[in-house]
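**Q** Quick one: the structure is below, and I'll ask about it shortly.
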Amino acid sequence: MATKAFKALTEKDLHTVGNVTSSHDYLQDIPHGAIMTADVDNFTLVELGFNAEGERTATPLSDKTKKGFLVASPERRYLGENLGEFYNGKGERGRILVQIPFVRFDASNFDDTAVKGSGGIKAGQSAHYDTSTKKYVISDGTHADFATAGNKYTVISDEKDIIYTLGQPTVKFEIQ
């Protein structure tokens, strides 16, 4: 027979992990963050709005041509949870960052399909955010959606051996 406690302790999801690698001197947080209107992984993009009480809300970005805001909430880990189990729950307040050019961050939600045949991920490649997959699509800049994307990045490095992600490969991006 199953129990909610057993399910909570044994069911494992894999959520996005990452890290803001630029100095906090260069970051601009949205004061007081925003309340999530849905479950949202860290290092995905959201659009901002307000609820009936005048509190700022964050909804997953729906328009790929619109500039989004980066979700980068601090993780509160319990019972030995790894970073891949963390996400921003619906109704919770999360940390929101303004995307400022030249700020860097690592993220595990990337799609490198377009560059696998040409030697893989390399510094200087381009990336854009895909609202349907919630991933950063890495390419040589000729991807069909890159020209109209509202959120563009430069690939800095492939961060496969970062210990704090507990085995999830990440890529370091710089905001354009």
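The values are calculated or read from the model by the stated rules, or taken from the named source; none is laboratory data. Here the structure is a predicted model, which is why all the values come from computation and not from measurement. So basically every Cβ, Gly included, is an ideal-geometry build from the backbone, and we count neighbours across all protein chains shown.
**Q** I need the strands (runs of 3 or more DSSP E) fully contained in region 9-69, keeping only those with at least 1 residues that are exposed (fewer than 14 other Cβ atoms within 10 Å of the Cβ) and of a type outside the set (Val, Ile, Thr).
**A** 45-50
**Q** For Ser62, work out the one condition from (1) of a type in the set (Ser, Thr, Tyr); (2) out of contact with any strand residue (DSSP E or B) (no Cβ under 6 Å at 6 or more places or on another chain); (3) at pLDDT 95 or above; (4) more than 22 Å from Phe146 (Cβ to Cβ) it doesn't fulfil.
**A** Ser62 satisfies all of (1) of a type in the set (Ser, Thr, Tyr); (2) out of contact with any strand residue (DSSP E or B) (no Cβ under 6 Å at 6 or more places or on another chain); (3) at pLDDT 95 or above; (4) more than 22 Å from Phe146 (Cβ to Cβ) except (4).
**Q** For Phe43, indicate whether it is at positive phi and at pLDDT 90 or above.
**A** When the stated conditions are applied, Phe43 passes them.
**Q** Mind listing just one residue for me: the one in region 146-174 that is within 15 Å of Phe110 (Cα to Cα) and of a type in the set (D, E, K, R) and, of those, modelled with the lowest pLDDT?
**A** By that ranking, first place goes to Lys160.
**Q** Taking Glu55, is it farther than 20 Å from Gln168 by Cα and of a type in the set (Asp, Glu)?
**A** Yes; evaluated as a whole, the condition is true for this residue.
**Q** Please work out which one of (1) touching a Gly at 6+ places or on another chain (Cβ under 7 Å); (2) within 22 Å of Ser73 (Cα to Cα) is the condition Ser126 fails and give its number.
**A** With respect to (1) touching a Gly at 6+ places or on another chain (Cβ under 7 Å); (2) within 22 Å of Ser73 (Cα to Cα), Ser126 is out only on (2).
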